[in-house]
Amino acid sequence: MRNSKVLVAAGSVRTGGLSMRHAVTSVVFLVVALWVGYAFAQEAYLSHKLSSQAADIRHQNAVLAAQNQGYRKDVQAITSGSATEEEARLNGYAKPNERTYLITTPPSPSPTPPATASPTPSH
């Protein structure tokens, strides 16, 4: 068995450098933990913001792609001549030997004027 000295006398509180070392270590650990937490929060916020911007740009790209497809159809119609034909048809032209039908809404009936008694000539 080992011989050991009594470090604390009965009824007294032990004070020493260990508690100061413990306090400094705790403060350093707290500062490092706050710094890491702040860095993590900053990265999370930045990641969220960038993903939001990326989603907006993807949406804008989809809109531009749809517009480009419409422009391609217009260019193809102009180069093939079908745009000219469509414009002529809108202005009332038709191909030779082609029957055309004009579809309109029926006109609303005009109100009939009330019958008035016409004076009869007396002889």
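Values for this structure:
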| read-out | value |
| --- | --- |
| Hz values of 3J(HN,Hα) by residue in segment 23-39 - Karplus curve (6.51, -1.76, 1.60), Gly and Pro given as x | 5, 5, 4, 5, 5, 4, 4, 5, 5, 5, 5, 5, 5, 5, x, 4, 5 |
| W35-I57 FRET efficiency (beta carbon distance; Förster radius 35 Å; 0.05 resolution) | 0.60 |
| 10 Å-binned pair-distance histogram of segment 29-71 (Cα, whole percent) | 26, 25, 19, 15, 10, 5, 0 |
| For segment 72-77, Karplus couplings with θ = phi - 60° (6.51, -1.76, 1.60), whole Hz, Gly/Pro x | 4, 5, 5, 5, 5, 5 |
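Taken together, the values in this text are just the output of simple stated rules run on the coordinates, not laboratory data. Just so it is clear, the structure is predicted and the values come from calculations on it, not from any experiment. Positions of Cβ are backbone-derived with ideal geometry, glycine not excepted, and every protein chain shown enters the neighbour counts.
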